[in-house]
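What follows is one structure encoded as structure tokens, with my remarks underneath.
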């Protein structure tokens, strides 16, 4: 580096102060020396130091206490403890107090210089990580959940409420409603968001493989275990673990998981040594866990551990008003990824999307829009581009509002979306037509939005 760091040497022995002062000045560092704790604190009040070399045995305030007071003044300053009375006890006390390293007298100039260099390199790396995190956070927005219906507003409020806490969250809802997206939003809103979110799809793994994924395994724990592997709870240290489809795990794995949630420690498969872990648990299921409990297929005590805070995601058929903005979102997404200038959805196509019941929920809607974007030959998605078949219930008597909606949207399609011409044909004023389209949730995707 162009400019060396500022060092503070604290020792009651003149020869030690002079020697370290000379060594580090020759290395290009800016060095200040202090003969006592009070002298050191006075110098810290006048100048900021990157690292302090502190003798542990000094008259009056000793090095351990001085280190504590230094951390209160400047938590970012590194401290290396020096002592001629080397012992395991003092080393542990210093390191527990936050010392970066511990060196014994008499020390070799190269050794202590190496220790200082490592400490400062570590500090620069941490500062760079913080800077990069702040930069990324300022330019990268977390993936958003799209919706503005009352049901989704309640979901957003729940995420805002529970996100900043460390509470365990259980997300329920049908397949395709966005449970993993919800889990990612919770993690992004938490203080743990700079650490990993590890996702485990419980229903996709056999019991033995799931145990290995969750808890890790030792080399030789089972056939094919050729090396030691960390489990998800270890990998997620300081972050979150998302257990998708938690209702699919076996009773044995439920028992092991309950112990992890209670004790915050795991034992790798093939080991007897417990390992402390720090994580937040977010779980999700498309099953009715209360029914599984009645059938003896899910432990009630595990359910209580998971169900600290529950978020119920609505089915798409219960939030039909969100379909137009979801479609607009997916059209924009696939237009960019496919490099296709498709920027509209015809009124008839939107009407079909609105009338369809969506058993696969938002995931099915996204797939339908993607497929339509692939086959569409016009600048807009048309009804024939959608591989959707309405159920038999569509042939049952429809309400007057349904008939009116279908007629208005069909006329609007014939007019290529021109609301002025459509209002004239329908013999209504343009404001009335606009209000009805707003009521239907119809929104035209324009090129300006892409």
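A short reminder: the numbers here are calculations on the coordinates, not readings from a lab. All figures in this text were calculated on a predicted structure; none of them were measured in a lab. Cβ sites come from the backbone with ideal geometry, for glycine too, and all protein chains shown count toward neighbours.
General remarks:
- Between residue 167 and residue 154, the simple spin-label model (points 7 angstrom out along Cα→Cβ) gives 1.6 nm.
- Nearest 10 degrees, 0 to 90: helix 14-26 Cα axis against the chain principal axis: 50
- Relative exposure of 58, 82, judged by other C-beta atoms within 10 Å (fewest first): 58, 82
- Full extension of the chain between residue 400 and residue 227 yields a length gain of 55.5 nm, computed as 0.36 nm times the residue separation minus the alpha carbon distance.
- Residues residue 325 and residue 407, FRET efficiency given R0 of 30 Å [Cβ-Cβ distance, rounded to 0.05]: 0.80
- Label point at residue 105 placed 7 Å out along Cα→Cβ; residues across the stretch 40-59 whose backbone nitrogen lies under 15 Å: 53-59
- The alpha carbon centroids of the stretch 140-194 and the stretch 202-242 are separated by 26 Å.
- Degrees separating the helix 63-73 axis from the principal Cα axis of the chain, which is the longest one: 40
- The slack between residue 47 and residue 434, meaning 0.36 nm per residue of separation minus the straight C-alpha distance, is 132.6 nm.
- FRET efficiency, 1/(1 + (r/R0)^6) with R0 51 Å, evaluated for residue 378 and residue 219 via beta carbons: 0.30
- Per residue, the chain reaches -14500 deg cm²/dmol at 222 nm when only DSSP H runs of four or more residues are counted, each adding -39500 (n - 2.57).
- Per-residue Cβ neighbour counts within 10 Å put 47, 123 in the sequence 47, 123, beginning with the fewest.
- Separation of the residue 255 and residue 146 label points, Cα + 7 Å toward Cβ, nm: 4.7
- Counting only alpha carbon atoms, the long axis of helix 150-162 and the longest principal axis of the chain meet at about 10°.
- The calculated FRET efficiency for the pair residue 287 and residue 367, based on their C-beta separation and a Förster distance of 22 Å, comes to about 0.45.
- Spin-label pair residue 389/residue 336, simplified geometry with 7 Å Cα→Cβ offset, distance in nm: 3.6
- With neighbour counts taken as other beta-carbon atoms within 10 Å, the residues 373, 70 rank, fewest first, as 373, 70.
- Residue-span extension gain [residue 294 to residue 89] - 0.36 nm each, minus C-alpha spacing: 68.3 nm
- For the chain, the equivalent ellipsoid built from the Cα gyration tensor has semi-axes of 62, 30, 18 Å, listed from largest to smallest.
- Mean separation of Cα contacts under 8 Å (6+ apart) over length of the chain, as relative contact order %: 11
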